[in-house]
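Just below is one structure, and these are the notes that go with it.
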Amino acid sequence: MQREKIGLVGCVKSKRGSPAPAADLYTSALFSGRRRWVEASCSRWYILSARHGLVAPGDVLEPYDETLATQGSPARRAWSERMLVQLQESLGEIGRYDFEIHAGAA
């Protein structure tokens, strides 16, 4: 039996100027391409937001200016630990899923 695949897409700097569903808030070509890919290849997908953590595509967000790239290693580690908790809260036992991650190195 094939395991369910979950897509995780990193946020980007380019955003709309007003609140929008997270799937539509990010406006770069990079984000759009990543979104199209996971929508076609995964059964579900989420956005990895530097400010909000794990975000469902339909969650409405205000624009923000925050990035993991400028944060130090301890802050990025804390963020990633928070992501694991949020994934477990959203999906349950995460070991039963395959994850496809499209995000920057930080």
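The values are calculated or read from the model by the stated rules, or taken from the named source; none is laboratory data. Computed from a prediction, not measured in an experiment: that's the story for all the values here. Glycine also receives a Cβ, built like all others from the backbone with ideal geometry; neighbour counts cover every protein chain displayed. Protein only, heavy atoms only, side chains kept; ligands, DNA and RNA dropped before computing areas. Shrake-Rupley method; radii C 1.70, N 1.55, O 1.52, S 1.80 Å.
Which order do ILE6, ILE101, ILE94 take by accessible area at a 1.4 Å probe, largest first? Don't jump to the answer; show the numbers that get you there.
On the way: ILE6 0, ILE101 110, ILE94 35 Å².
Largest accessible area first, the residues go ILE101, ILE94, ILE6.
Could you work out the relative contact order of the chain? I mean the mean sequence separation of Cα pairs under 8 Å and 6+ apart, divided by the number of residues, in percent. Show your work: numbers first, answer last.
Numbers: 166 pairs, mean separation 40.7, N = 106.
Contact order relative to length: 38 percent.
By accessible area of protein heavy atoms, probe 1.4 Å, what ranking do VAL12, VAL38 get, highest first? Mind showing how you got there, number by number?
Details: VAL12 20, VAL38 0 Å².
Reading off the accessible areas and sorting them downward yields VAL12, VAL38.
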Cleavage-rule hits, trypsin sites (Lys or Arg not before Pro), segment 4-82, DSSP coil, Cβ neighbours within 10 Å at most 11: none
DSSP bridge pairs, the chain: antiparallel proportion in percent, nearest 5: 40
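Given a 1.4 Å probe and every protein chain left where it sits, what share in percent of the accessible area of the chain is carbon and sulfur? List each step's numbers first, then the result.
Numbers: 3200 of 6190 Å².
Carbon-and-sulfur percentage of accessible area, whole number: 52.
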